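The values are calculated or read from the model by the stated rules, or taken from the named source; none is laboratory data. Predicted, not measured: the structure shown is a model, and the values here were computed from it. Quick reminder, even Gly has a Cβ in these numbers, built from the backbone with ideal geometry, and neighbours come from all protein chains shown. We work out accessible area using only protein heavy atoms, side chains counted, and drop any ligands, DNA or RNA first. Shrake-Rupley method; radii C 1.70, N 1.55, O 1.52, S 1.80 Å.
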Amino acid sequence: MKPYVEMSREELEALHEQLLLQYENVKAKGLKLDMSRGKPSKEQLDLSLGMMSILDEESDLMSSSGVDCRNYGILDGIPEARKLLADMSEVPERNILIYGNSSLNVMFDTISRAFTHGIMGSTPWCKLDKVKFLCPVPGYDRHFAITEYFGIEMINIPLLEDGPDMDLVEKYVSEDPAVKGIWCVPKYANPTGISYSDEVVRRFARLKPAAEDFRIFWDNAYSIHHLYDDKRDVIMEILNECTKCGNRHMVFKFISTSKVSFPGSGIAALAASKANLEDAKEYMKRQTIGHDKLNQLRHVRFFKDMQGMYTHMRKHAASLRPKFEIVLDTLEKELGGLEIGTWTKPLGGYFISFDSMDGCAKQIVAKAKEAGVVMTGAGATFPYGKDPKDSNIRIAPSFPTVDELALAAKVFVLSVKLVSVEKLLAQFGE
């Protein structure tokens, strides 16, 4: 079929009639499918069930440092958990601080601490007239929700194929002391799946901020979440690079096992300079005497080391890979050459990013929902939920079964076609 934009009004009207009939038939099936969030499937969650019995009443519950993990203590996290998360973060153990179950919670706490007490002696953000954050877009809606909650002004930065537009990043960071941070998902980014190039990481490390308390919020959520063994993205380690450039305090690197073991029941960690970690611990020790050491021990006993994690993640990949391929194959087969949408083809992570014709995303998501497929709201991948082009849609293939996903993908492409034809027909009427 030729591109929709090359069709005559009569051709589009005939096509619209066919698509509308298909759509009504799909609606009549009463589907209830969910592609709204990047949640692991039951099959993936079952991969970690062995962790539930790794500790019992007969287990040795002492950490390697001789502390009883059932009791208070060890604010930094037990040594073996620090070693595991340090290896996962590609940093020395001295640069890791173990938190609770969620890296998102660590990010929220970090912003909150900056507001109430400042960062490493700087003026608390609550005492400043204006605080700004750079937000690569499309990006992660929960990042934007944190900064919006604190009333921080968010500035869109286009996310290119190799990372954020660094010309813009450098300009804002070097010229405006109100710019205090930037959100980054550097590997298999949410939602595009792109990974930052070495040159982008180097440019981050060489930044010359106007604000002494500027920080890069480096959310390495998908650091080991590859889909293929023979095709993998590799990114340069940011903390080491910043240190080499004399900017060792400039980065907060967040990581967790949320999509490795159990979401909401994993281990989160912050990797940063020693001074940043000491600053964070001053805040943390008012919150807790120590995070869940039994959960830390459970993870270490289950995974043992990074090799154990890599083996485990291959099982996740085996579950996820066919789902991504179903969506990508459906997009190519049904929309390829029609010039009504483009999409990413990630090698890892949890999402596929789809860009429709301008002004169509909200209608496509609404059409899909009406036909029984719930997706992330259009606009969610931009600060304040406002996509200036109304074109980006995040596709999350992980949660449905393979059969459900095949159906959902067909409903989605049908919705894309129908809304696109309606938009083009409306243009004829102008």
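The residues in the stretch 366-406 that are more than 19 Å from Leu331 (Cα to Cα) and either of a type in the set (Val, Ile, Thr) or open to solvent by 60 Å² or more (accessible area, probe 1.4 Å) (or both) can be counted, and the count is 6.
Which one is nearest to Gln287 (Cα to Cα), of the residues in the stretch 62-88 that are surrounded by fewer than 16 Cβ atoms within 10 Å (Cβ to Cβ) and not polar (S, T, N, Q)? First the steps, then the outcome.
First, pick out the residues of the stretch 62-88 that are surrounded by fewer than 16 Cβ atoms within 10 Å (Cβ to Cβ): 62, 64-66, 68, 70-73, 75.
Retained after the next criterion (residues that are not polar (S, T, N, Q)): 62, 66, 68, 70, 72-73, 75.
On the way: Met62: 24, Gly66: 24, Asp68: 21, Arg70: 18, Tyr72: 13, Gly73: 13, Leu75: 10 Å.
Step by step, filter the stretch 62-88, then rank; the result is Leu75.
Please go through the stretch 407-430 and give me each residue that is in contact with a Cys (Cβ under 9 Å, 6 or more places away or on another chain) and open to solvent by less than 10 Å² (accessible area, probe 1.4 Å), ordered by number. Result: Val416, Val419, Ser420.
Given Gly266, Gly246, which one is closer than 30 Å to Ala205 by Cβ and surrounded by fewer than 19 Cβ atoms within 10 Å (Cβ to Cβ)? First the steps, then the outcome.
Values: Gly266 fails: surrounded by fewer than 19 Cβ atoms within 10 Å (Cβ to Cβ).
Just a single option satisfies the conditions, and that option is Gly246.
Has the stretch 278-300 got any residue that is in contact with a helix residue (DSSP H, G or I) (Cβ under 7 Å, 6 or more places away or on another chain), closer than 30 Å to Val419 by Cα and open to solvent by less than 60 Å² (accessible area, probe 1.4 Å)? No, the stretch 278-300 contains no residue that is in contact with a helix residue (DSSP H, G or I) (Cβ under 7 Å, 6 or more places away or on another chain), closer than 30 Å to Val419 by Cα and open to solvent by less than 60 Å² (accessible area, probe 1.4 Å). Annotation note: of Val374, Val327, the sole residue that is outside any helix (DSSP H, G or I) and among the β-branched types (Val, Ile, Thr) is Val374. Among residues of the stretch 1-29 that are more than 23 Å from Glu370 (Cα to Cα), those with a Cβ under 9 angstrom from a residue that is among the β-branched types (Val, Ile, Thr) and open to solvent by less than 20 Å² (accessible area, probe 1.4 Å), sequence gap 6+ or separate chain, pair up as Pro3/Ile340; Tyr4/Ile340; Tyr4/Val421; Val5/Ile340; Met7/Val421.
Within the stretch 105-148, being in contact with a helix residue (DSSP H, G or I) (Cβ under 9 Å, 6 or more places away or on another chain) and either of a type in the set (Gly, Ala, Ser) or at positive phi (or both) holds for Ser112, Ala114, Gly118, Met120, Gly121, Ser122, Gly139.
Return the total of residues in the stretch 154-179 being charged (D, E, K, R) and either part of a loop (DSSP other than H, G, I, E, B) or open to solvent by less than 20 Å² (accessible area, probe 1.4 Å) (or both).
Of the residues in the stretch 154-179, the ones charged (D, E, K, R) are 161-162, 165, 167, 170-171, 175-176.
Adding the requirement that they be either part of a loop (DSSP other than H, G, I, E, B) or open to solvent by less than 20 Å² (accessible area, probe 1.4 Å) (or both) leaves 161-162, 165, 176.
Qualifying residue count, the stretch 154-179: 4.
Taking the criterion of being acidic (Asp, Glu) and touching a helix residue (DSSP H, G or I) at 6+ places or on another chain (Cβ under 7 Å), no residue of the stretch 14-32 qualifies. Of the residues making up the stretch 1-35, those that are aliphatic (A, V, I, L, M) and within 19 Å of Leu424 (Cα to Cα) are Met1, Val5, Met7, Leu12, Ala14, Leu15, Leu19, Leu20, Leu21.
Could you please let me know if Val106 is assigned to a helix (DSSP H, G or I) and under 30 Å from Ala409 (Cβ atoms)? Answer is no for this residue.
Scanning the stretch 337-351 for residues that are open to solvent by less than 30 Å² (accessible area, probe 1.4 Å) and part of a loop (DSSP other than H, G, I, E, B) turns up Leu338, Ile340, Pro346, Gly349, Tyr350, Phe351.
Working carefully through the options Val26, Val91, Val106, find the one that is open to solvent by less than 50 Å² (accessible area, probe 1.4 Å), of a type in the set (Val, Ile, Thr) and under 30 Å from Thr401 (Cα atoms). Exactly one residue qualifies, and that residue is Val26.
So if I check each of Gly50, Gly73, which one is at positive phi and either among the acidic types (Asp, Glu) or in contact (Cβ under 8 Å) with a residue 40 or more places away in the chain (or both)?
Working: Gly50 fails: at positive phi.
Residue meeting the stated conditions: Gly73.
Scan the stretch 33-61 residue by residue and report those that are over 30 Å from Arg142 (Cα atoms), open to solvent by 50 Å² or more (accessible area, probe 1.4 Å) and either outside any loop (DSSP other than H, G, I, E, B) or touching a helix residue (DSSP H, G or I) at 6+ places or on another chain (Cβ under 6 Å) (or both). Selection gives Ser53, Ile54.
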